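First the structure, in the form of structure tokens, and then the observations on it.
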Amino acid sequence: MKQRIIAAMLTICCAGAARAQQAPGQLEAGVRVGLPLGVTGRYFFNEHNAVEGIVGLYNRTASLTALYQYHWDLSALTFPGFGWYAGGGAHLGTRRIDGSSKFLAGVDAIAGVNYEFEKIPLNLSLDWKPAIHFTTSSELADFGVSARYIFGRKK
């Protein structure tokens with residue numbers, strides 16, 4: 001039953017995707033609060049495809065994450081400026097375990113909702129970013145909130 005509800009919601013969201021707010025070449029940079037805590041930057045190749053980089057710290061861990069994201073616009077179903085995205089990528093880092101540093105590598109998934117303000121160059125997002133580490137225990141409950149400044153956007 002849950003799978004049918006999720007499939008129906010995804011179908012509705014994809015069918016309602018009229019246009020995305022993001023312009024090709026749009027660059028955003030800001031902070032991420034959650035797991036990991038750090039700085040984030042995102043670049044849009046076109047209205048749907050973007051890459052995000054996160055430099056983060058959490059739980060005696062320092063990491064660098066690169067993610068591909070596909071964005072859908074939800075303005076037709078909700079309020080202007082709302083969208084959602086999903087994608088995946090990989091991470092590298094180091095984790096302090098029992099007094100020594102251990103190499104960290106793995107894969108990530110990401111899914112979230114996005115809001116881009118109309119009158120100010122600011123983007124807010126809420127996401128779930130589970131990470132599977134190849135070398136240490138995985139992090140499946142990674143949630144975060146990001147605020148990013150949008151460079152070069154005219155109001």
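Readers should treat all values here as calculations from the given coordinates under stated rules, not as data from a laboratory. This is a predicted model, so every value here is computed, not measured. Here the Cβ positions follow ideal geometry from the backbone for every residue, glycine too, while neighbour counts run over all protein chains shown.
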* Which option, [x] 1.10; [y] 1.74; [z] 1.87, is the value of Cα Rg over 2.2 N^0.38 Å that was calculated from these coordinates? -> [x]
* ³J(HN,Hα) across segment 35-46 via Karplus (A = 6.51, B = -1.76, C = 1.60, θ = phi - 60°), whole Hz, x for Gly/Pro? -> 10, x, 8, x, 10, 9, x, 9, 10, 9, 6, 7
* Helix 2-15 versus the longest principal axis of the chain: what angle, 0 to 90°, nearest 10, using Cα atoms? -> 50
* Helix-only CD estimate at 222 nm, as mean residue ellipticity for the chain, using -39500 (n - 2.57) per DSSP H run (n ≥ 4) -> -3000 deg cm²/dmol
* Structure fact -> Expected vector for segment 70-85, Karplus 3J(HN,Hα) from phi with 6.51, -1.76, 1.60 and θ = phi - 60°, integer Hz, x for Gly and Pro, equals 10, 10, 10, 8, 10, 4, 5, 9, 10, 9, x, x, 8, x, 9, 8
* Which of Asp127, Asp142 has the fewest Cβ neighbours within 10 Å, and the rest in rising order -> Asp142, Asp127
* In Hz, Karplus ³J(HN,Hα) per residue of segment 127-139 (6.51, -1.76, 1.60; θ = phi - 60°; x = Gly, Pro) -> 9, 10, 10, x, 10, 9, 8, 7, 10, 9, 5, 7, 10
